[in-house]
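Every read-out reported here was derived from the displayed coordinates using simple, explicitly stated rules and does not represent laboratory data. Keep in mind it's a predicted model, so treat the numbers as computed, not measured. All Cβ positions, even for glycine, are placed from backbone atoms using ideal geometry, and neighbour counts span all protein chains on display.
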Amino acid sequence: MSLWRQLTYGFHKLVHHRAADDEAADEVRQYFEDAIAAGEARGLSTEAAKRAARLELGNMTVVREEVRTYGWESTVRTIGSDLRYAARQLRSHLGFTVVSALTLALGIGASTAIFSAVDPILFEPLPYPHANRIMTVWTSGQGARSELSFGNFQELARRSHSFESMTIFEPWQPAMTGGAEPERLDGQAVSASFLQVLGIAPALGRDFQPSEDVFGGPKVVIVSNRLWQRLFRGDRNVLGRPIKLDGDNFVIIGVMPRSFDDVLSSSADLWTPAQYDTRQIEKDFATPAWGNHLRVAGRLRPGVTRAQATEDLAQIARTPWPEFARPRWASMRRGLIVDSLQDDIAHAVKPALLAVLGAVLLVLAIACVNVVNLMLARSEQRRGEFAVRAALGASRVRIIRQLITESLLLAALGGTLGLGVAVAGVRALVALSPPGLPRVDAITVDSLAFAFAFGITTLIGVLTGVIPALHVSREDVQPALQQSSRRTAGGHAWTRRALVVTEVALALVLLVGAGLLLRSMRRLLGVDPGFNTAHLLTLQVQTSGHQFDDPPSAPGAGENIRRRFFRQALEAVRKVPGIEQAAFTSLLPLSDDPSWVSTYGAHFENDDPQSGHNVFRYAVSPGYCQAMGIPLISGRCIDEHDTATALPAALLSESLARSQFPGQNPIGKRLHVGPWNRPWYIVVGVVGDVKQTSLAIDEPDAAYLSTEQTWFADDTLSFVIRTRGDAAALAPAIKNAIWSVDRNQPVVRAATMDTLLAVTNAQRTFVLILFEAFGIVALALAAVGIYGVLAGSVVERTREIGVRAALGASRGNILTLILRDGMRLTAFGILVGICAALFASRALATLLYGISYLDASAWLGVIALLTAVAGLACWTPAWRATRVDPSVTLRAE
Amino acid sequence: MSDSNTDVIQGTLDMLILKTLSLEPLHGFGIARRVEQISRDVFKVNPGSLLTALQRLERAGWLDSEWRQTENARRAKFYRLTRSGKKQLEIETADWTRRSSAIARLLRQEG
């Protein structure tokens, strides 16, 4: 009741504040008039009665104020007027306001955006129940992680006691036919317990059953919500329906929830049991079940730690049991690696993300320093104003409240802009994000990160805004008033100089990082891939369908049909106008083709049987080297004469030939690539080295064979087409040419080589762009800081400069005086920055290619750039100092 | 006279106002004058304190106010006790009596 009246009265007074003020004034005046009338009634004259009333009752204005300001609404009105005053202040000092708000916006926005992007990958728990219990298992091969075989998985799953459930998973990319165009889908072949390991059940239908994960078992799939919506428009009757994949009818048994995020393969849209053949697993090692190509994950039993699981698996790896066979290449004798799923998926991107996070924290630090600097400069200018207001009777609390209001208004302005920057930044980050960055779908503006960045900048802004005011209002008003007219150096000059030094130092750290990454990128782009990337279009075709199966009656018949299809497709492609050369290959350089699938042991005649090289095996059509522009070093290329009936021919890469046959002619030597029970390949030529997985990695050992002479026909080949004009424009015509041969074969990737090249460099480009952007921001903020301090100092030293000029100092002298002052600060900042950057850049070492983190030209270039920008920032205040007219300044005192 | 303390005892102004208004509705100056008269000039009422106290009591729902003609034909804001104001006066009176008699007992014992 009473609270309600408080509110209604207050609101009424707020809305009708003028009428309320009038009423209060009326009541007070009435009171005084009554008092005067009472005095007159006692027989006093009007004048005497008035005097008596004033003596007895005090100042009428004070009473009126007292009455008027009663109630909570009066505080609201004060805040309102504070805000109006603050807004006026900010508007009248537009330069200060714009620079401060932009500084805040950049600091808050950039750090929020980066943290939002990094958080789901590095810090946020994965979207599975008890996600910290999900582990991945690798074998350790030459110190690196490598995949396991199904045989090993089976042994681990049966013998280990640490895991509730374990699963294998491998990429599965079936071609879907029956639609308008054949299409390749992305999926995973998994164990029946795959979804149990992740802890997510299908939203519709059911999970796999162990009886479905056996060789020759039923063909079933679980599909993602995404695929369900796209293919079946969310039809709930989809269960039990067939879907044609690689020529077989698969039955849909389940649909995953919309929220399901498969962090092991974010593009996966369907899952099927892997159905390995385990009948001969103890005897026959030449089966897919013994290939080291499977990833393994498992869910720990409750209470079991990662260390215990590691020890458990290490124990199993050390002690083979007779009932579990282990071929030489799957002996597990190098031990096993158990990693948490969270760390596992972040493994590849962690250094880059941490570097970016570090960079953005530097930006935030620079922004904070800049805000402190600006606030100090501002309060320096306002000492006089505070003194005047204190002298006019403003209480200390009132002045401080006014300052807090101003700081908060500025913070709100910066925060709003910062939120905009954060939203735009997150969008840009997702757009820029390199392929393979996990959990991109989970990236949204993180409100906690925003609150943190906003909170810390606001706190710093308010504190630095208020501390000088405490100072001013505590001291005697008199000297402050005098000081404001005398314009001598202020007390915060030293602090502000230290802040500028800090800013320059922080900026240098960031710029060194950006410089190193830039130099490293230049180096990388300067690397010769070993072939000509210009005007090169690539199309990957994946054959699918039962016509390519080998019937038991005629082994090899299906393979021949597959070879014929590719031959005919190539002929059709070569007829497309605008094409200079066309060929195909089983393994395309600088693509995301899994290169380990195409890595084989090469074994030369007369080699020690134990030795062998791992080489990339390229099965190519005639004209491949010419179409790619791979230089022929000696001998000849693969050509039309290398048919199934001719002697098997092979090309070696230059490095392989040189290391295998130093000082000899490799032509005519014989080797096996893969199985030893096949005829020897005879070396007919040597070609230049090619970069396969990335420009940054040297893996030059390669052997090229004719697709007609391989022991199996590759089902997926990439066409490489050298065009006369724009390569991308020819893609539709070439697709149609391929489909004119068989319209059921999907073209799974069509991209120019330049695009593929950009993709392989994407992670480096991503980090580089961010460092460059942050570096520019840091540079600008540092320049603003230097300019601000110097401009302030010139204003403060006007008198001194005037005296100097009067005593005969030339403009040049004065210019040098101010410039030297600014450059001394810069030099000191650079010195401090160099020390800090020596530590900080070491963290970048893993991201650099071809240069050391101490790369001289990057360091010198950055220092020169920073010095030049600082010089520019010093120039304006210095030039302004030379315009000081001694007669005017001296007379003004 | 000027040396003796005429301040209203801390916390009793509300009660004095309520008591004064329980006799008849009055305007601000009338209340002050009545308090001074009845207390025989022991208490002098500060106009700022009185007028803000009136606002406070009105918001608490113990008083109503309206602008009316005074006996000498001027407009003034008159305050009137409400029913809950009467109840409040009883509570405060009882409370005051209890406390003042306790203080009186203590002082007597001292003497």
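Annotations
- By the Cα gyration tensor, chain A has an equivalent ellipsoid whose semi-axes, rounded to whole angstrom, run 74, 37, 25 from largest to smallest.
- Pairwise FRET efficiency - A:S259 versus A:T319, Cβ, R0 = 45 Å, nearest 0.05: 0.60
- Looking at chain A alone, DSSP beta bridges between its own residues are antiparallel in about 80 percent of cases.
- The Cβ shell under 10 Å around A:S706 holds other residues with a net charge of -4, Lys and Arg each +1, Asp and Glu each -1.
- Panel order for A:C874, A:C637, by other beta carbons found within 10 Å of each beta carbon, from fewest to most: A:C637, A:C874.
- Our note on the geometry: Cα centres of segment A:346-400 and segment A:593-671, 65 Å apart.
- Judged by the ratio a/c of the largest to the smallest principal axis of the C-alpha gyration tensor, segment A:257-390 counts as prolate, that ratio being 1.5 or greater while a/b is larger than b/c.
- Cα centroid separation, segment A:156-230 to segment A:77-114: 54 Å.
- Stokes-Einstein diffusion coefficient of segment A:2-70, Kirkwood radius over Cα pairs, 20 °C, 1.002 mPa s, in µm²/s: 159
- Proxy reagent accessibility, fewest Cβ within 10 Å first, across A:R236, A:R439, A:R5, A:R133: A:R236, A:R5, A:R439, A:R133
- Here the relative contact order of segment A:171-241, from alpha carbon pairs under 8 Å that lie six or more residues apart, stands at 18 percent.
- Taken about its Cα centre, segment A:348-401 carries a charge dipole of about 280 debye when Lys and Arg each add +1 at the Cβ and Asp and Glu each add -1 at the Cβ.
- In this structure, A:D639 and A:N292 have a Cβ-Cβ separation that, at R0 = 30 Å, corresponds to a calculated FRET efficiency of about 0.30.
- The chymotrypsin sites (Phe, Trp or Tyr not before Pro) of segment A:207-244 meeting both criteria, a DSSP state outside H, G, I, E and B (loop) and at most 13 other C-beta atoms within 10 angstrom of the site's C-beta, are A:F215.
- Close amide H partners of A:K669, meaning residues 5 or more places away or on another chain with modelled amide H under 5 Å apart, are A:V683.
- ³J(HN,Hα), Karplus 6.51/-1.76/1.60, whole Hz, each residue of segment A:755-772, x for Gly, Pro: 5, 4, 4, 4, 5, 5, 9, 4, 5, 5, 4, 4, 5, 5, 4, 5, 5, 5
- Each Lys or Arg adds one and each Asp or Glu subtracts one; over the other residues with Cβ under 14 Å from the Cβ of A:R743, this totals -2.
- Once the Cα atoms are used to define both axes, helix A:477-486 deviates from the longest principal axis of chain A by about 70 degrees.
- Table column - 3J(HN,Hα) (Hz), segment A:552-565, Karplus curve with 6.51, -1.76, 1.60, x for Gly and Pro: x, 6, 10, x, x, 5, x, 4, 5, 5, 4, 4, 5, 4
- Magnitude of the charge dipole, segment A:2-70, Cβ model with Lys/Arg +1 and Asp/Glu -1, debye to 20: 140
- Helix A:94-118 axis, angle to chain A major axis (alpha carbon atoms, nearest 10°): 30
- Under Karplus coefficients 6.51, -1.76 and 1.60, residue-wise ³J(HN,Hα) of segment A:322-331 in Hz, glycine/proline x: x, 6, 10, 6, 9, x, 3, 7, 10, 7
- Every Cα-Cα pair of segment A:175-302 was included, and the share exceeding 20 Å stands at 47 percent.
- Short-range pairs are left out: with C-alpha atoms under 8 Å and at least six residues apart, the relative contact order of chain A is 15 percent.
- Averaged over the residues of A:17-26, the number of partner chain Cβ atoms lying within 10 Å of the residue Cβ comes to 1.
- Rh by Kirkwood over Cα pairs, then Stokes-Einstein D for segment A:546-743 at 0.692 mPa s and 37 °C, µm²/s: 186
- Across peptide A:37-46, the mean count of Cβ atoms from other chains lying within 10 Å of each residue's own Cβ comes to 1.
- Taking every residue in B:51-59 and counting other chain Cβ atoms within 10 Å of its Cβ, the average works out to 5.
- Cα centre as origin, Lys/Arg/Asp/Glu Cβ charges: the protein assembly as shown dipole, Debye: 3460
- Cα-based helix-to-principal-axis angle, A:17-41 vs chain A, degrees rounded to 10: 20
- Applying the criteria of a DSSP loop state and at most 15 other Cβ atoms within 10 Å to the trypsin sites (Lys or Arg not before Pro) of segment A:832-893 yields A:R883.
- Förster radius 30 Å - calculated FRET efficiency between A:L463 and A:S92, Cβ distance, rounded to 0.05: 0.80
- Once backbone amide H atoms are built at 1.01 Å from N, A:H93 has no partners under 5 Å, excluding neighbours fewer than 5 places away on the same chain.
- Three principal axis lengths of segment A:560-631 [C-alpha, angstrom, descending]: 51, 29, 25
- Going from the residue with the fewest nearby Cβ atoms within 10 Å to the one with the most, A:V137, A:V76 rank A:V76, A:V137.
- Full extension of the chain between A:H16 and A:S81 yields a length gain of 21.8 nm, computed as 0.36 nm times the residue separation minus the alpha carbon distance.
- Cleavage-rule hits (trypsin sites (Lys or Arg not before Pro)) in segment A:530-592: DSSP loop, at most 13 neighbouring Cβ within 10 angstrom: A:K575
- Helical contribution to [θ] at 222 nm, DSSP H n ≥ 4, -39,500 (n - 2.57), averaged over chain B, rounded to 500: -19000 deg cm²/dmol
- Placing unit charges on each Cβ (+1 for Lys and Arg, -1 for Asp and Glu) gives chain A a dipole about its Cα centre, and among A:L825, A:V803, A:P125 the Cα reaching farthest toward its positive end belongs to A:V803.
- Summing charges over all other residues whose Cβ lies under 12 Å from the Cβ of A:P631, with Lys and Arg as +1 and Asp and Glu as -1, gives -3.
- Rounded to the nearest 500, the helix-only mean residue ellipticity at 222 nm of chain A stands at -17000 deg cm²/dmol, with each DSSP H run of n ≥ 4 adding -39,500 (n - 2.57).
- Pairwise Cα inverse-distance average, inverted: Kirkwood Rh of segment B:13-110 (Å): 14.5
- Residues with amide H under 5 Å from that of A:N761, placed H, sequence gap 5 or more: none
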